[in-house]
Amino acid sequence: MCDAMVSSTGLSRHNPIDLERILREVSPPPPFPPAADRAAWEKLRDELEPERCAGILAHAQRYARTPVPALPATLYLEYARTGRREGYQDPMRVRRAMLASLALAECLEHEGRYLDPILDVAWAICEESSWSMPAHQTVLADVTHPVIDLAAAATALSLAELDLLLGDELDPALGKRIRDELDRRCFTPYLTRHDHWWLYNTALRNVNNWTAVCTAGVVGAAIYVEPDPARLAEILARAARSLDDYLDTFDPDGGSSEGPGYWSYGFGHYTLLAHLVEHRTDGQVSFFPDDRLRKIAEYPLRTQLSPGRYVPFSDCDPDVRFIPAQLAYLSRRLDIPDLMSLAHDQLRPPAGGEEGNGARSGELPWALRGLFWRVDPAPRFVPRRHDWFSGMAWMLARLDPADPDALTLAVKGGHNAEMHNQNDVGSLVVHLRGESLLTDPGRGRYTKAYFGPQRYEHVVNSSRGHSVPLPNGQEQLPGPEHGATVIEHRADDTVDLLALEMRDAYPPEADLESLRRVVALHREAAGWVELVDEVRFGSGPGEFQSALITFGEAEVDGSSVVVRGERADGGQPAALRIGFDPAAVVARVDTIPDVDLSGGRRDLRRIVFSLPTPAESATVRLRIEPL
């Protein structure tokens, strides 16, 4: 079984004594210019595309006429009562989007007409009893014990950067209120309590993207407003130790089992904080200490299936939109030109979409950086032929990386205690003409049950929702002991291949002596994918089925199954033929209707290849090729 944990990068070598000395010795200018620095903002406005500047001002004009959305206590309790998140989260996010839009418009225009609307929304945010989302707190706020979650940390940084930009021009009571709330809700709890589950790895729970997001919000805000260098040094030292644990979630090749979407979220905030730390310490403290950070930064380059489409393993959407500003910053900071190409790709319209603005532009920190961390023109990104993440046992093989319509294969090993885990050891994706015809369903709609004891009853988290075998009708089980062993991995001019022993992913009731899966991309002509499952039962004949998952239309046709897709951009739809031996297996197509997904198509189809009769051992061999 693969273990993604590796040795620490050593950020925690930064101790409070040395940090305090550095903080007292250097006093750099702000990382971004306040609105009063008209030379800087006029220069920026002159450099902005006119339509982009007009768009920012138009959004602000609408928000200036929009009442601040109400957030009553009963709405906060909706999650506890019904499990639904959106009722409170949506207006909560509107408030923060209003703050970002109005603040940047005032910085660009500087006529004062947005100051009162900014004051209203900022004061309303300070008045919220909790900055934590209901899904992370559940009950109404105990103001003596604030919860630091993703939203609370993001709110902290947004208010701190608002104060940087416009604090001198808003009512002085707001600046004091912001500092008081940041200290009460974030700085003091961060320094004095150990009940933040995301702070460190423990015997009971490991960290994930929360660690980077929460740390960046709290510590980034402290860099702006904490006046005591000794206290700020303690905050930075704690952050360095915590972020060591976060970086340990990446495998030796920079891979994250959370998938590309949560890389964007978690490592995006890590990038944000790393910049603030380097700036505040005049480069004497770096959170980009070694080449391993470069490998982590390259993760989105290595998980692309086709432009705008990424490996959807774990709780990840297939059409991830990365943050152009982050990619542009990392490209310059770590000298990775391909990241600038990918950043530029993010500005192009996505398939079937409208404007390609990238992700998280409704949050002030990223909206601000979107103006200053500019994306340079760059050629379209072309991925490698083969990518391999050894700690997670993820393989991606591209027949012709220069052709976005060419056949691409992704397959994973790993284990069933990964971050945002789904019971999917051995799952695979076959991608053609910009569409994953055989796919991982991605993430379900986030509800109370989705992250509760019923998690693996949701089809997208269960083995039945993935392209994996079911021996004796048994699904895989969650837990680090339920995983795969890599038997072979190779890539050459003729084939890219991954062989896994998957016996341990299943419970004893599966009665497995061995379950070996081999997945290979053969590189002749238009390419084809070979899938071979070899099973041996332990105590007697057993039943066996191997399933493939698709959102497309699937039909059994003699000795093959034809799968047809539906491209969102109106291009030529992709199609696959899955050949099988009708003497060895019986094929059928089952439909799971109206799956509760985060978005997109909802009818899931399982293409099932079953042994006609129980057997002590058997081989199911499939040939998957473009039509």
TODO: May I ask for log10 I(q)/I(0) of region 409-499 at q = 0.16 Å⁻¹, from a Debye sum over the Cα atoms as equal point scatterers with solvent left out?
DONE: -0.72
Task: Residues whose placed amide H lies under 5 Å from that of SER390, excluding near-sequence neighbours - done: ASP253
- [ ] Could you rank the peptides 257-266, 601-610 by their average count of other C-beta atoms within 10 Å per residue, with the highest value first?
- [x] 257-266, 601-610
Task: In nm, spacing of pseudo-spin labels at LEU627 and GLU51 (7 Å Cα→C-beta vector) - done: 3.8 nm
Task: CD proxy at 222 nm, helix term only [per DSSP H run n ≥ 4: -39500 (n - 2.57); per residue of the chain; nearest 500] - done: -10500 deg cm²/dmol
Task: Cut-off 14 Å, label 7 Å out along Cα→Cβ of ASP195, residues of region 135-169 by amide N - done: 137-149
Open item on the list: Check which residues have an amide H placed less than 5 Å from GLY426's amide H, if you skip close sequence neighbours.
Closed with: LYS412, GLY413
- [ ] Could you compute the FRET efficiency for ASP18 and VAL586, with r as their C-beta to C-beta distance and R0 at 45 Å, rounded to 0.05?
- [x] 0.10
Open item on the list: What whole-number distance in Å separates the alpha-carbon centres of region 16-90 and region 408-458?
Closed with: 33 Å
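Give the whole-number value, in cubic angstrom per residue, of the convex hull volume spanned by the C-alpha atoms of region 386-626. Write out the running numbers ahead of the final one.
Numbers: hull volume 29.3 nm³, N = 241.
Expressed per residue, the convex hull around the Cα atoms of region 386-626 is 122 Å³.
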Task: Degrees, to the nearest 10: 337-346 long Cα axis against longest axis of the chain - done: 90 degrees
- [ ] Can you tell me the 0 to 90 degree angle between the C-alpha axis of helix 172-182 and the longest principal axis of the chain, rounded to 10?
- [x] 40 degrees
Task: Cα-centred dipole magnitude for region 386-626, charges only on beta-carbon of K, R (+1) and D, E (-1), debye, nearest 20 - done: 500 debye
Task: Simple spin-label estimate for GLU86 and ALA73 in nanometres, 7 Å along Cα-Cβ - done: 2.7 nm
- [ ] May I have the extent of the alpha carbons of the chain along their three principal axes, as whole Å values ordered from largest to smallest?
- [x] 80, 50, 48
Task: Between 0 and 90°, nearest 10: helix 50-64 axis offset from the chain longest Cα axis - done: 70 degrees
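How big is the charge dipole of the chain about its Cα centre, in debye rounded to the nearest 20, if each Lys and Arg gets +1 on its Cβ and each Asp and Glu gets -1 on its Cβ? Let's see the in-between values first.
Working: 66 positive and 92 negative charges, 93 e Å.
So the magnitude is around 440 debye.
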Task: Which of ASN209, VAL143, THR550, positive extreme of dipole for the chain (C-beta unit charges) - done: VAL143
Task: Efficiency of FRET from Cβ geometry, HIS279 and ARG65, R₀ 35 Å, rounded to 0.05 - done: 0.45
Open item on the list: Can you give me the long-range amide H partners of ASN206? Hydrogens built in the peptide plane at 1.01 Å from N, cutoff under 5 Å, separation of 5 or more residues or another chain.
Closed with: none
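Given R₀ = 45 Å, FRET efficiency for ARG601-THR144 by Cβ-Cβ distance, to 0.05?
Values: r = 47 Å, r/R0 = 1.04.
That gives a FRET efficiency of 0.45.
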TODO: With +1 on each Lys and Arg Cβ and -1 on each Asp and Glu Cβ, and nothing else charged, work out how big the dipole of region 226-355 is about its Cα centre, in Debye to the nearest 20.
DONE: 200 debye
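Rule-based calculations on the coordinates, nothing more; no lab input. All values derive from a computational prediction rather than experimental measurement. A quick note on method: Cβ atoms are made from the backbone with ideal geometry, for glycine too, and the neighbour counts reach across all protein chains shown.
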